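One structure below.
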Amino acid sequence: QQRYPTCNYRFSSAAELFFNPQGEIVKVEPIDDFSSLGLSKSPYRNLALNKTVTTNSLESDYPPAGAVDGRNDSRWQAQLGEDKWINIDLGKEEAISKVQVDFEYFDKYYLYKIEYSNDNDEWSVYADYSKRARKAYETRVSEKEVSARYIRINVIRAEAKSAPISIWEIKVLSQS
């Protein structure tokens, strides 16, 4: 019999704990917005936040919008297999400084490309990690100054062939 909590989600939250007279924890209201804690604000703006997302594969419990909702308890997950992509429409051409991809399995190896486009037809390479497999944490943030409307994460292969490709969050960052 299992006596410890398990969870398939990643949570980042903060809260103050209070106890009732019986010594039990009073219901906790987590804070998802860390800026309300008075922490320093990032000089970058996340252009991908809540934007329209399309993909060539999805699991119904983990829709593509989960990769751009700014939450740490949701994600996009593709069906099992290779050559999966997720495409973010920023709505208009934007100045991009960085792209951050947070794969579910941070310590697994991936072959993938980050691509950009202004017409969703002709694509240029933003960052190419398709020649040599690297662990996800090694390529988490890619930096390049470009102007684009669309960003696509094109995952060619993942180390864990028995696990589907899954991304917690994609951030397309701009300093402008």
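Round to the nearest 0.05 the FRET efficiency obtained for Asn56 and Glu143 when R0 = 22 Å and r is the Cβ-Cβ distance.
For Asn56 and Glu143, the calculated efficiency is 0.25.
Where Rh denotes the Kirkwood radius from the mean inverse Cα pair distance, what is Rg over Rh for region 36-162?
0.95
Going by a ≥ b ≥ c, the root eigenvalues of the Cα gyration tensor, does region 137-176 fall in the rounded group (a/c under 1.5), the prolate group (a/b larger than b/c) or the oblate group?
Prolate, since a/c reaches 1.5 and a/b exceeds b/c.
Under 22 Å Cα to Cα from Lys113, which lysines show up? Leave out anything in the same chain fewer than 8 places away.
Leaving aside lysines fewer than 8 places away in the same chain, those within reach of Lys113 are Lys51, Lys84, Lys92, Lys98, Lys131, Lys135, Lys144, Lys161, Lys171.
With a Förster radius of 35 Å, plug the Cβ-Cβ distance of Ala160 and Ser124 into 1/(1 + (r/R0)^6) and report the FRET value to the nearest 0.05.
Efficiency computed from Cβ-Cβ geometry: 0.75.
Starting from the amide H of Asn72, placed 1.01 Å from N in the peptide plane, find each other amide H under 5 Å away whose residue is 5 or more places distant or on another chain.
Sorted by chain and number, the residues that satisfy this are Ser12.
FYI, it's all coordinate maths here, none of it is from the lab. The structure displayed is predicted, hence computed values, not measured ones. Note: ideal-geometry Cβ built from the backbone for every residue, glycine included; neighbour counts use all protein chains shown.
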